[in-house]
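Participant: This is the structure, below, for whatever I ask next.
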Amino acid sequence: MPCKVEDLLERRFRSHGPDVARDALVSWLDPAWDPETLRASYGNAPLDARLWLTSWPYLYLGRNAVRRRYRNAREQPWSEPPEGPDSGADDPTLPGRVLRALDGVRRIDPLGYAMVVELMRGEFEVAAWRASLGCSDATVTDKKYLAIYRYSVLFFEVLQQLEPLPRAALEARRFSPGNPGDGEALAALRESLRRPRLGLAEVRDLYRTAASASLAILARGDALGEESMERFDGAFRRVLRIEAER
């Protein structure tokens with residue numbers, strides 16, 4: 001193949017950093033990889049330089065390195081299972097769940113959707129968003145974490161696991177288009193629940209109950225897990241404005 005593999009891998013994994021590209025090159029040069037197995041792995045991929053533009057380099061050279069990187073410092077929304085015999089790596093529903101969660105975020109907050117997509121691709125840059133939105137780094141970071149929270153809740157179907165009234169309060173405040181404030185959420189709940197005398201204090205209590213419960217669900221082993229939530233919990237509580245619940 002008339003191409004310099006080292007340069008091609010560096011370009012292919014440039015968004016993930018040089019360590020991933022080096023690990024991918026080590027995999028490519030692995031002497032234990034016999035020619036027949038290598039050839040079989042190509043499938044229908046083109047046998048020329050176009051190979052490096054397909055998913056083959058990620059699937060067969062860089063996937064484990066990318067996973068290690070994001071497992072150690074995960075800012076990437078959960079979009080593929082971890083390694084291990086019970087990881088769910090063969091779950092055929094995974095791509096559909098990712099797409100449904102992304103579409104849910106898009107409907108709620110198009111800006112947050114764009115952030116989540118960039119995070120998944122490893123292309124998110126605070127400076128670029130700061131310049132685009134004309135706001136501070138802290139504001140960009142909060143928007144990012146709120147988008148990750150929304151995506152995670154939708155991906156792991158957390159809302160369906162909440163009690164009806166708290167769920168309605170959380171949906172009205174954080175899962176409705178336009179980022180409604182307390183007053184708008186209250187008006188929407190009064191109408192949807194047919195409770196015109198519903199008070200703001202009661203709605204806030206329901207919201208805090210649901211938001212806290214959602215974080216507890218995300219910390220379970222069948223969701224983000226305790227390790228990831230140790231990193232995310234504080235940021236999620238901050239953007240949800242339930243820090244006093246800690």
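Participant: Across the stretch 106-141, what is the number of residues that are among the aliphatic types (A, V, I, L, M) and over 19 Å from Leu240 (Cβ atoms)?
Facilitator: Step one: filter the stretch 106-141 for residues among the aliphatic types (A, V, I, L, M), giving 108, 111, 114-117, 119-120, 126-128, 131, 133, 138, 140.
Those left that are additionally over 19 Å from Leu240 (Cβ atoms): 114, 117, 120, 126-128, 131, 133.
Selection size over the stretch 106-141: 8.
Participant: Right, another one. Does the stretch 171-178 contain at least one residue that is over 25 Å from Leu99 (Cα atoms) and touching a helix residue (DSSP H, G or I) at 6+ places or on another chain (Cβ under 7 Å)? Talk me through it step by step, then tell me what you get.
Facilitator: Going through the stretch 171-178, the residues over 25 Å from Leu99 (Cα atoms) turn out to be none.
Scanning the stretch 171-178 turns up no residue that is over 25 Å from Leu99 (Cα atoms) and touching a helix residue (DSSP H, G or I) at 6+ places or on another chain (Cβ under 7 Å).
Participant: Let me ask another. Which condition number does Ser214 fail, the rest of (1) surrounded by 12 or more Cβ atoms within 10 Å (Cβ to Cβ); (2) in a helix (DSSP H, G or I); (3) more than 21 Å from the chain's Cα centre (by Cα) being met?
Facilitator: Of everything listed in (1) surrounded by 12 or more Cβ atoms within 10 Å (Cβ to Cβ); (2) in a helix (DSSP H, G or I); (3) more than 21 Å from the chain's Cα centre (by Cα), Ser214 misses just condition (3).
Participant: Further, regarding this structure: Six or more apart or on different chains, Cβ atoms under 9 Å: show the pairs whose first residue is in the stretch 221-233 and in the same structural domain as Tyr151 (by TED's automatic domain parsing) and whose second is in a helix (DSSP H, G or I) and of a type in the set (Lys, Arg).
Facilitator: Short answer, once both residue conditions are applied: Glu227/Arg71; Ser228/Arg71.
Participant: While we're here: When the stretch 217-236 is examined, which residues are found to be assigned to a loop (DSSP other than H, G, I, E, B) and either in contact with a strand residue (DSSP E or B) (Cβ under 9 Å, 6 or more places away or on another chain) or not hydrophobic (A, V, I, L, M, F, W, C) (or both)? Spell out how you get there, then give the answer.
Facilitator: Narrowing the stretch 217-236 to residues assigned to a loop (DSSP other than H, G, I, E, B): 219-225.
Answer for the stretch 217-236, where residues must be assigned to a loop (DSSP other than H, G, I, E, B) and either in contact with a strand residue (DSSP E or B) (Cβ under 9 Å, 6 or more places away or on another chain) or not hydrophobic (A, V, I, L, M, F, W, C) (or both): Arg220, Gly221, Asp222, Gly225.
Participant: For residues in the stretch 149-168 being without any contact (Cβ under 8 Å) to a residue 12 or more places away in the chain and part of a helix (DSSP H, G or I), which is farthest from Tyr207 (Cα to Cα)?
Facilitator: Residues of the stretch 149-168 without any contact (Cβ under 8 Å) to a residue 12 or more places away in the chain: 157, 160, 164.
Add one more test, that the residue is part of a helix (DSSP H, G or I), and what stays is 160, 164.
Numbers: Gln160: 15, Pro164: 11 Å.
My answer is Gln160.
Residues checked against (1) among the β-branched types (Val, Ile, Thr); (2) touching a Lys or Arg at 6+ places or on another chain (Cβ under 6 Å); (3) at pLDDT below 90:
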| residue | (1), (2), (3) |
| --- | --- |
| Tyr151 | no, no, no |
| Leu170 | no, no, no |
| Gly178 | no, no, yes |
| Leu193 | no, no, yes |
| Leu200 | no, no, no |
| Thr209 | yes, no, no |
| Asp222 | no, no, yes |
| Glu230 | no, no, yes |
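Participant: I'd like to know if the stretch 169-181 contains one or more residues that are without any contact (Cβ under 8 Å) to a residue 40 or more places away in the chain, surrounded by 15 or more Cβ atoms within 10 Å (Cβ to Cβ) and outside any helix (DSSP H, G or I).
Facilitator: First, pick out the residues of the stretch 169-181 that are without any contact (Cβ under 8 Å) to a residue 40 or more places away in the chain: 171-173, 178, 180-181.
Those left that are additionally surrounded by 15 or more Cβ atoms within 10 Å (Cβ to Cβ): 171-173, 180.
Adding the requirement that they be outside any helix (DSSP H, G or I) leaves 180.
Yes, the conditions are met somewhere in the stretch 169-181.
The values are calculated or read from the model by the stated rules, or taken from the named source; none is laboratory data. Model, not experiment: these values are computed from the prediction. Don't worry about glycine lacking a Cβ; one is built from the backbone with ideal geometry, like all the others, and counts go over all protein chains shown.
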